[in-house]
Structures are given as C-alpha cells and as structure tokens.
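The next block holds one structure in the form of structure tokens; read it before the comments.
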Amino acid sequence: MTIEGALEAVETTEWPKGGHWKISTERLAATPHYHSVTHEAYTVLHGSGSYLLGKSPLDPEADSDGNMVGVKFTAHAGDVFVFPAGVTHFVTDTEGGYEILGFYLLNDQNSIDEPYDMEYALDSPEDTEKKRRKCELVPVPVHDPIYGKEGPMQEIWAAR
C-alpha cells in the first residue's frame with residue numbers, strides 16, 4: 001500500500017492524518033501510552049508490527065492466575081485498525097520495515113493542530129479514574145475510517 005492509497009482509502013473528513021511513522025526493532029515505540037481526547041486509526045503500509053494492549057507500566061507481567069496481562073496482536077501490510085480512547089498500547093516488535101499512517105478522530109476535545117494527547121498510564125487511582133471518565137466522553141465516530149457511514153464501526157461500537 002502506498003501513502004497516497006492509504007490517504008484515499010481513509011475517510012479523512014472525520015479522521016485527518018496525524019502522522020507517518022517507520023518503526024524498526026531498534027527504534028520501537030515501546031512506551032505504553034494512550035490518548036484521552038481521541039480514538040486513533042492506523043493503516044499499515046509495509047511490514048508487520050506486534051502490539052501489546054491494555055497493560056500499563058504499573059501492571060504486573062501476569063495476573064494472579066499466571067495469565068499474561070494485556071492483549072497481543074500483530075498488524076500486517078494492508079491492515080487498518082482502531083484504538084479507542086483510553087486503550088493503552090505500544091509496539092513490542094516489528095518485521096519487514098514496519099511503516100504506518102496514523103489518523104485521529106476530530107471531536108470537541110481536540111483539533112487538527114493537536115489531534116492527540118499522550119498519557120502514560122502512570123497516575124494515581126484517583127487521577128486514573130478522572131482520565132477514564134474523560135476518555136468516555138470521546139464520541140463514537142460517525143464514519144468508519146475506511147467505509148464511511150456504511151462501515152461496521154458503528155455497529156461494533158454500539159455494543160460498548
């Protein structure tokens with residue numbers, strides 16, 4: 001996929017481009033973080049990247065039953081995926097020249113000049129609760145980033 005093809009594919013009226021990143025194993029985006037003012041969508045241009053979702057630096061590696069904390073998934077060239085506001089994420093490893101474009105949902109909490117904030121999930125339980133409530137205020141997108149108003153995102157998120 002080319003940058004131009006990805007830009008044409010993504011419904012940019014509500015999801016303007018926020019960044020273009022090449023992430024190598026040597027330069028991983030290995031800082032767990034989340035965004036409290038927007039949902040973010042990525043399209044993978046090249047290679048693959050593995051992510052760990054839902055684990056903050058304060059969380060143990062495993063829960064009391066020995067299960068790994070967080071959810072791992074791998075994105076491949078051509079994939080498009082969305083992280084809802086408040087979902088902690090980071091890249092754990094890459095292959096094949098991993099390259100992505102990021103798109104951020106515009107709403108009344110952000111702007112085209114500052115489409116996202118960075119939160120590092122290191123807050124007290126009280127501050128975490130305040131930020132969780134802020135994340136819940138980010139509206140469900142009107143447009144699926146790929147399929148517009150006819151896309152599956154609205155149906156999937158209606159259950160949340």
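Read-outs: derived from the displayed coordinates by stated rules, not from any lab. This one's a predicted model, so the numbers in the text were calculated from it and none came from an experiment. Virtual Cβ from ideal backbone geometry, glycine too; neighbours counted across all protein chains shown.
Some points to look at:
- Residues of segment 56-66 that are assigned to a loop (DSSP other than H, G, I, E, B) and either touching a Cys at 6+ places or on another chain (Cβ under 7 Å) or among the aliphatic types (A, V, I, L, M) (or both): Leu58 alone.
- For segment 92-149, the candidate set comprises residues that are in a loop (DSSP other than H, G, I, E, B) and aromatic (Phe, Trp, Tyr); within that set, the residue that is nearest to Arg27 (Cα to Cα) is Tyr120.
- Figure legend. Inter-residue proximity from segment 64-83: first residues more than 20 Å from Tyr34 (Cα to Cα) and without any contact (Cβ under 8 Å) to a residue 12 or more places away in the chain, second residues surrounded by fewer than 12 Cβ atoms within 10 Å (Cβ to Cβ) and not acidic (Asp, Glu), beta-carbon distance below 9 Å, spacing 6+ or different chains. No pairs are indicated.
- Contact map, segment 141-155: first residue under 20 Å from Asp108 (Cβ atoms) and touching a residue at least 24 places away in the same chain (Cβ under 8 Å), second residue in a loop (DSSP other than H, G, I, E, B) and of a type in the set (Val, Ile, Thr), Cβ cut-off under 8 Å, separation 6 or more or different chains; pairs are His143/Thr13; Pro145/Val10; Met153/Val140.
- If you go through segment 34-55 and keep only what is within 13 Å of the chain's Cα centre (by Cα) and assigned to a loop (DSSP other than H, G, I, E, B), you end up with His35, Ser36, Val37, Thr38, His39, Gly54.
- Tally of residues being surrounded by fewer than 16 Cβ atoms within 10 Å (Cβ to Cβ) and of a type outside the set (A, V, I, L, M, F, W, C) across segment 23-45: 5
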